[in-house]
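In what follows, a structure is listed as structure tokens, so that the remarks can point back to it.
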Amino acid sequence: PDGASANDLYIFDNELHIKPPSPNPFCTFDRSLGVWVDPRTESDWTTELYARREVTSMSRANFIIHCVDFGVFNEAEGIQAASGTISTTMQSIIDGLPTEEQFQAAVIWAASSTIFRTNPLVINMAAAIFIDEWTLDEVFGVEWPEPLPSWPEGKLHP
């Protein structure tokens with residue numbers, strides 16, 4: 001047929017058919033049903049999301065600007081945090097961490113020029129001002145995996 005490539009065609013019941021476009025890159029085509037099937041489960045989707053979160057980061061400067069924008073720090077604390085100093089607000093969040101994580105959080109903050117989305121200090125700072133995981137993803141620019149076809153229209157996450 002005009003405009004169809006060999007990859008778009010398949011034979012079923014001795015008839016030539018054209019595959020419809022794939023709804024997302026995860027799908028495989030079921031020739032017997034003539035439909036694309038997404039084999040992912042919610043667990044697969046969640047695993048992919050966590051992998052994306054794990055590698056997402058931003059510069060300390062951008063993170064601090066976002067913190068000021070979201071009201072985590074005032075401008076004076078933001079300038080203090082930019083130098084690696086732990087502000088009063090940050091110290092209160094660090095103090096809320098388990099004892100064995102407090103030293104590590106302080107050292108990582110003081111030494112890091114890159115702030116990772118999954119840093120426990122970041123997660124606790126977000127929780128302290130009621131920013132949920134989904135909003136934190138937006139702050140860091142995490143791109144969510146394609147929604148599963150089984151989810152209702154408009155649902156982006158479980």
- Within the range 140-158, can you find the residues that are modelled with pLDDT under 85 and assigned to a helix (DSSP H, G or I)? none
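What number of residues within the range 19-30 are assigned to a loop (DSSP other than H, G, I, E, B) and closer than 26 Å to W144 by Cα?
First pass over the range 19-30, keeping only residues assigned to a loop (DSSP other than H, G, I, E, B): 19-27.
The next check asks that each one be closer than 26 Å to W144 by Cα; those that pass are 20-27.
Within the range 19-30, residues that are assigned to a loop (DSSP other than H, G, I, E, B) and closer than 26 Å to W144 by Cα number 8.
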- Query: Restricting attention to the range 115-139, which residues are touching a helix residue (DSSP H, G or I) at 6+ places or on another chain (Cβ under 9 Å), open to solvent by 60 Å² or more (accessible area, probe 1.4 Å) and outside any helix (DSSP H, G or I)?
  - Reply: F116, D132
- Query: Looking at the range 80-90, which of its residues are part of a helix (DSSP H, G or I), open to solvent by 60 Å² or more (accessible area, probe 1.4 Å) and either of a type in the set (S, T, Y) or at pLDDT below 90 (or both)?
  - Reply: T88
- Query: Within the group L33, L16, which residue is more than 26 Å from L136 (Cα to Cα) and assigned to a loop (DSSP other than H, G, I, E, B)?
  - Reply: L33
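Considering only the range 5-46, state which residues are of a type in the set (D, E, K, R), open to solvent by 70 Å² or more (accessible area, probe 1.4 Å) and out of contact with any strand residue (DSSP E or B) (no Cβ under 7 Å at 6 or more places or on another chain). Talk me through it step by step, then tell me what you get.
Taking the range 5-46 as the starting set, the residues that turn out to be of a type in the set (D, E, K, R) are 8, 13, 15, 19, 30-31, 38, 40, 42, 44.
Pick out the ones that are also open to solvent by 70 Å² or more (accessible area, probe 1.4 Å) and you get 13, 15, 31, 42, 44.
Answer for the range 5-46, where residues must be of a type in the set (D, E, K, R), open to solvent by 70 Å² or more (accessible area, probe 1.4 Å) and out of contact with any strand residue (DSSP E or B) (no Cβ under 7 Å at 6 or more places or on another chain): D13, E15, E42, D44.
The values are calculated or read from the model by the stated rules, or taken from the named source; none is laboratory data. This is a predicted model, so every value here is computed, not measured. In this analysis, Cβ positions are derived from the backbone assuming ideal geometry, glycine residues included, and neighbour counts consider all displayed protein chains. Ligands, DNA and RNA are excluded from the accessible area calculation, which covers all protein heavy atoms including side chains. Shrake-Rupley method; radii C 1.70, N 1.55, O 1.52, S 1.80 Å.
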